[in-house]
Amino acid sequence: MRRDPLIPMIGVVSHIRVDTPDVKTFRVIGLDGKKPFEHIPGQCAMLSVPGVGEALFSITSSPTEEAYLEFSIKKCGCVTDWLHAMTPGQQVTIRGPYGNGFPVDTEFAGKDLLFVAGGIGLAPLHSVINYCRHYRDRYGRIDIVYGARSKEDLVDYEEILNEWLSEDGINVHLTIDREQPDWDGHVGFVPNYVKELSPDTGMTVVMCGPPVMIKFTLGGLMELGFPRDGIYTTLELRMKCALGKCGRCNIGSKYVCKDGPVFRFDQLDELPDEY
Amino acid sequence: MKQIALNRLDELFAAISARQTLLIPQQLENGDAEFRPWSAEAKLYTGLKTSRSAKDAFFPQVENLVGFKVSEQGIELMDTRDEVQPFTLFGVRGCDARSFDILDRVFLAEPVDTFYADRRAAATVVTLACNRPETTCFCQSFGIDPSRPAGDVTCWMDAENLYWQPNTDKGRALTEALSLLEEGEEARAKRVEEDIQAVLKRLPLKDLSLDHVGAGKTKALFDRPEWAELSEACLGCGACTFVCPTCQCYDIEEFKSGGSVRRFRCWDSCMYSDFTLMSAGQPRPTQTERFRQRFMHKLVYYPDNQDGLFSCVGCGRCLVKCPIHMNIVKVINALKEGTA
């Protein structure tokens, strides 16, 4: 068959992990059993269930994972409902990778990194965090502030407990919105927690989460004296092609699918407030 | 230059058609003129413009992308791509000819859209100078010369002859295959060109000012109060986008029947409320944002990304078709008045 960027390849969902009541992580391999394609942390892919639809998802696994791609997906619409009902061994279609990704080998190199995530917002950062853990000596201090509504809503909780928390040089700060019996950690919203922790303003910040978390965390970081060109985030808008042609994911002159999804806040300041 | 008598046009069309599919503007039963395949009964529409633009030839309203056979065993891809044969598109006006350049910059940019690219490669575009530009025409504002339109071949028509000037290798190849073309009288084609130039100087929209729009104008125009008033009566019907030669936004949808799924793309419109709707929210919640997007895209965003080129060709179709008589000229003028 003649190829086209819009024609996907077949992928096999080889493994499904239940993360939270509404988040599952899907491992996808090609029909040949190998990783479908290489990517940069922060890039996305189009997954589809033929007959249901196609949607864009952030690639959650690190590029250093050689055998597969993983996607942590929250159940919130037609395609995601269908994905959540799948069993291992079933097939999907996949195309990508799309977008710019995080500048892990350039602007991040040698920097102290502060990751701030809320809820499913950890998904796109998971890829970067594990990439930085793999090449640990290329980066300085790594701090992670991650919050969710409850302990059950923390995505990747097992991995955080068993791997991230026990690693030297990585400081993980977890928080949940409200007290609950089996939780002895921090309680409170992410923006306040970040301010309480009072991180060094020389750190490069990578942030992803619900808009309200982004807004207030950004405000707090400004108060602490962080420069806007040192703070990165990743955006999502509705997409059909992911190639910069279907015309719907633009913010002013920039297309989230190809100019993003990763933007620095000084770059977003130049764009209209329409996202 | 070549020429052929107008009473021999059918012979010319028959000769082209013998070689490859020929599309010419024809009047349909409902009164609309559209590009349709030539047949012995077909008559060349002599009016200025087709109702829909010529973009359909390269970017059809609906097009199959790929099929899927879905079963217990899994998913199988099915090739549903239409085979593209060489064709000639005759009678394209200068405005629509420019629209192909504008669409090329989107569809032929990496990664290349092969569906569009195949049709572009297969086409020989024969343009026709506009003898009678209309009061809704403003292509000259965008530097388009309707008296000498770009194309693989440029044609002029007077009361007696069609004058034929090949411009490209494709145009020369077509010309060489048409032995019925006679040696052309350049002076007569030139006279047609000059007559058109004279009409252009009298068109009501000839002085449309574009200095206040274009690349780099997002900050100056995005938050202007005029958007709310201009968009107030917009019905969100999308007629403007469907007749527009440069509107290129598309949707990808699926049609399911039995065990197979046909994935197709079809034209979409930024004027529609579900265009940007997500489960996580809606960045353009009212018609004002959607209306602003359409005009900002043509007048600012596209120029930002394409060396200042506007994504409007001044064909005037939206001026004629909008049910509430809103259009890009009114938008440009309103933004001009509000510019101190």
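Can you name every one of the strands (runs of 3 or more DSSP E) wholly within region A:138-213 that holds 2 or more residues which are not hydrophobic (A, V, I, L, M, F, W, C)?
A:142-148, A:170-176
Taking the condition modelled with pLDDT of 95 or more, assigned to a strand (DSSP E or B) and closer than 30 Å to A:Gly89 by Cβ, does B:Gly67 pass?
Yes.
Scan region A:251-262 and tell me whether some residue there is farther than 26 Å from A:Leu113 by Cα and among the acidic types (Asp, Glu).
The first filter runs over region A:251-262 and keeps only residues farther than 26 Å from A:Leu113 by Cα, leaving A:251-255.
Checking the rest, the ones that are also among the acidic types (Asp, Glu) come to none.
Among the residues of region A:251-262, not one is farther than 26 Å from A:Leu113 by Cα and among the acidic types (Asp, Glu), which makes the answer no.
For region B:250-338, which fully contained helices (runs of 4 or more DSSP H) count at least 1 residues that are within 14 Å of another protein chain (Cβ to nearest Cβ), surrounded by 19 or more Cβ atoms within 10 Å (Cβ to Cβ) and touching a Phe, Trp or Tyr at 6+ places or on another chain (Cβ under 7 Å)?
B:287-296, B:302-305
Scan region A:135-146 and tell me whether some residue there is buried (at least 24 other Cβ atoms within 10 Å of the Cβ), touching a strand residue (DSSP E or B) at 6+ places or on another chain (Cβ under 7 Å) and at pLDDT 95 or above.
Looking for residues that are buried (at least 24 other Cβ atoms within 10 Å of the Cβ), touching a strand residue (DSSP E or B) at 6+ places or on another chain (Cβ under 7 Å) and at pLDDT 95 or above, one finds at least one in region A:135-146, hence yes.
Please go through region B:261-286 and give me each residue that is among the polar types (S, T, N, Q) and out of contact with any Leu (no Cβ under 8 Å at 6 or more places or on another chain), ordered by number. If you could, list the steps in order and put the result at the bottom.
Initially, region B:261-286 is screened for residues among the polar types (S, T, N, Q), giving B:269, B:273, B:276, B:279, B:282, B:286.
Those that are among the polar types (S, T, N, Q) and out of contact with any Leu (no Cβ under 8 Å at 6 or more places or on another chain): B:Ser269, B:Ser273, B:Ser279, B:Gln282, B:Thr286.
What residue, of B:Leu235, B:Leu230, is out of contact with any Lys or Arg (no Cβ under 8 Å at 6 or more places or on another chain), closer than 17 Å to B:Gln293 by Cβ and assigned by TED's automatic domain parsing to the domain that holds B:Asn327?
Within the list B:Leu235, B:Leu230, the selection yields B:Leu235.
From the list B:Ser209, B:Ser231, pick out the single residue that is surrounded by 18 or more Cβ atoms within 10 Å (Cβ to Cβ), more than 14 Å from chain A (Cβ to nearest Cβ) and of a type in the set (Ser, Thr, Tyr).
Exactly one residue qualifies, and that residue is B:Ser231.
Just the residues that are surrounded by 22 or more Cβ atoms within 10 Å (Cβ to Cβ) and either free of Cβ contacts under 8 Å to residues at least 12 places away in the same chain or on the phi > 0 side of the Ramachandran plot (or both), please, taken from region A:80-131.
Within region A:80-131, A:Gly99, A:Gly101, A:Gly119 meet the criteria.
Looking at A:Arg141, A:Arg149, which is the one that is of a type in the set (Lys, Arg) and within 20 Å of A:Val18 (Cα to Cα)?
A:Arg149
Quick check on my filter: what residues within region B:14-62 are under 19 Å from B:Glu83 (Cβ atoms), in contact with a Cys (Cβ under 9 Å, 6 or more places away or on another chain) and buried (at least 18 other Cβ atoms within 10 Å of the Cβ)?
none
Which condition from (1) in contact with a helix residue (DSSP H, G or I) (Cβ under 9 Å, 6 or more places away or on another chain); (2) of a type in the set (Asp, Glu); (3) within 26 Å of A:Cys241 (Cβ to Cβ) is the one that B:Glu337 breaks?
Looking at each condition in turn, B:Glu337 falls short on (3).
Go through region A:252-271 residue by residue and tally those that are surrounded by fewer than 22 Cβ atoms within 10 Å (Cβ to Cβ) and either over 28 Å from A:Leu47 (Cα atoms) or among the hydrophobic types (A, V, I, L, M, F, W, C) (or both).
Qualifying residue count, region A:252-271: 7.
Of the residues that sit in region B:113-127 and are surrounded by 15 or more Cβ atoms within 10 Å (Cβ to Cβ) and out of contact with any helix residue (DSSP H, G or I) (no Cβ under 8 Å at 6 or more places or on another chain), which one is nearest to B:Met1 (Cα to Cα)? Before the answer, list the steps.
Taking region B:113-127 as the starting set, the residues that turn out to be surrounded by 15 or more Cβ atoms within 10 Å (Cβ to Cβ) are B:113-120, B:122-127.
Narrowing further to those that are out of contact with any helix residue (DSSP H, G or I) (no Cβ under 8 Å at 6 or more places or on another chain): B:114-115, B:118, B:122.
Working: B:Thr114: 34, B:Phe115: 34, B:Asp118: 29, B:Ala122: 24 Å.
Taking the candidates together, the pick is B:Ala122.
Do the conditions hold for A:Ala117, that is, is it in the same structural domain as A:Ala148 (by TED's automatic domain parsing) and outside any loop (DSSP other than H, G, I, E, B)?
yes
Hey, among the residues in region A:83-109 that are within 14 Å of chain B (Cβ to nearest Cβ) and of a type in the set (A, V, I, L, M, F, W, C), which one's nearest to A:Gly230 (Cα to Cα)?
Filtering region A:83-109 down to residues within 14 Å of chain B (Cβ to nearest Cβ) leaves A:83-84, A:86-99.
Retained after the next criterion (residues that are of a type in the set (A, V, I, L, M, F, W, C)): A:83, A:86, A:92, A:94.
Values: A:Leu83: 36, A:Met86: 40, A:Val92: 38, A:Ile94: 33 Å.
My answer is A:Ile94.
Please determine whether any residue of region A:187-203 is under 29 Å from B:Val300 (Cα atoms) and among the basic types (Lys, Arg). Step through it out loud before you land on a result.
We begin by selecting, within region A:187-203, every residue under 29 Å from B:Val300 (Cα atoms); these are none.
No: zero hits.
Pairs needed: first member in region A:50-77, within 12 Å of chain B (Cβ to nearest Cβ) and at negative phi; second member anywhere, assigned to a loop (DSSP other than H, G, I, E, B) and crowded, with 19+ Cβ neighbours inside 10 Å; C-beta distance under 8 Å; at least 6 residues apart or different chains.
A:Glu54/A:Pro8; A:Glu54/A:Lys240; A:Leu56/A:Glu236; A:Leu56/A:Met239; A:Leu56/A:Ala242; A:Leu56/A:Cys257
If I ask for residues that are among the hydrophobic types (A, V, I, L, M, F, W, C) and within 7 Å of chain B (Cβ to nearest Cβ), which ones from region A:242-275 would you list?
If the condition is that a residue be among the hydrophobic types (A, V, I, L, M, F, W, C) and within 7 Å of chain B (Cβ to nearest Cβ), then A:Leu243, A:Cys246 are the ones that fit.
The values are calculated or read from the model by the stated rules, or taken from the named source; none is laboratory data. Quantities reported herein were computed from a predicted structural model and do not represent experimental measurements. Methodologically, a virtual Cβ is constructed for each residue, glycine included, from the backbone with ideal geometry; neighbour enumeration extends over all protein chains shown.
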